[in-house]
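Some notes on the structure that comes next.
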Amino acid sequence: MKVSDLNSSEYNSYYQGYIESVSAERSLIDNFKVSGEGVLYFFKRIPESKWNFKYHVDKWSVKEVFQHIIDTERVFIYRCFRIARHDNTPLAGFNQDDYIAPSKANEKSMEQLLEEYEAVRKNSIVCLQSINETDLKFVGYASGAIMSARAAAFIILGHEAHHLNVLKSKYQIDWH
């Protein structure tokens with residue numbers, strides 16, 4: 001299954017930019033593996049002096065952005081799982097800003113965040129491998145809108161790509 005298999009009726013148009021940023025060449029599982037390696041590569045190369053950097057006083061630190069990527073993957077893989085299991089219960093939205101302070105991301109080491117990311121990504125891959133293509137096409141409701149299980153999974157990939165681009169552009173983090 002590839003992102004090109006998605007129909008725009010499977011998700012809220014808010015997520016269109018995320019969906020469009022996912023590699024069309026790789027399967028869903030391969031995208032999760034490759035992007036996971038890329039995220040780890042990226043964050044492992046950020047100098048310690050940049051970990052708590054914010055490009056504006058009202059913005060998140062680099063560590064908080066990483067925690068946000070992790071937390072969002074948890075939320076969306078949960079949505080994917082519930083929808084793929086044909087759960088018709090509407091799934092509530094979440095306010096990303098409410099998650100940052102209690103996460104205490106800035107008190108964590110980068111090693112802790114990397115370990116957390118790796119565990120969450122491994123969980124996501126194992127979860128997706130346990131769901132067949134028919135069930136990934138199942139449609140439920142999340143944040144007041146239609147969402148298929150596979151759309152929730154692809155959104156994870158596009159969301160993290162979006163935040164890596166923000167870190168590169170606004171935080172001026174060069175990962176090469």
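Each reported figure results from applying straightforward, stated rules to the coordinates on display, with no laboratory input. Predicted model only: the values in this text are computed from it and were never measured. Note: ideal-geometry Cβ built from the backbone for every residue, glycine included; neighbour counts use all protein chains shown.
If I build a Gaussian network model for the chain, linking alpha-carbon pairs within less than 10 angstrom, which residue out of 125, 155, 146 has the largest mean-square fluctuation? Result: 146 has the largest fluctuation of those listed. Within a straight-line Cα-Cα reach of under 20 Å, residue 50 can be paired with the following aspartates and glutamates, leaving aside sequence neighbours fewer than 8 residues apart in one chain: 58, 64, 107, 111, 115, 116, 160, 174.
At 27 Å minimum axial length over the Cα atoms and a Kyte-Doolittle cut of -0.5, report the qualifying DSSP H helices in the chain, or say none. Membrane-span-like by this rule: 62-84, 110-129, 149-169.
Each of residue 45 and residue 24 was given a label point 7 Å from its Cα along the Cα-to-Cβ line. The distance between the two points is 2.7 nm.
Summary value for segment 3-169: 40 percent relative contact order, contacts being C-alpha pairs under 8 angstrom separated by 6+ residues.
Would you tally the net charge around residue 42, using a Cβ to Cβ cut-off of less than 14 Å, leaving residue 42 out, and scoring K and R as +1, D and E as -1?
Details: positive: 44, 45, 50, 63, 121, 168; negative: 37, 118, 160, 174.
Residues near residue 42 contribute +2 overall.
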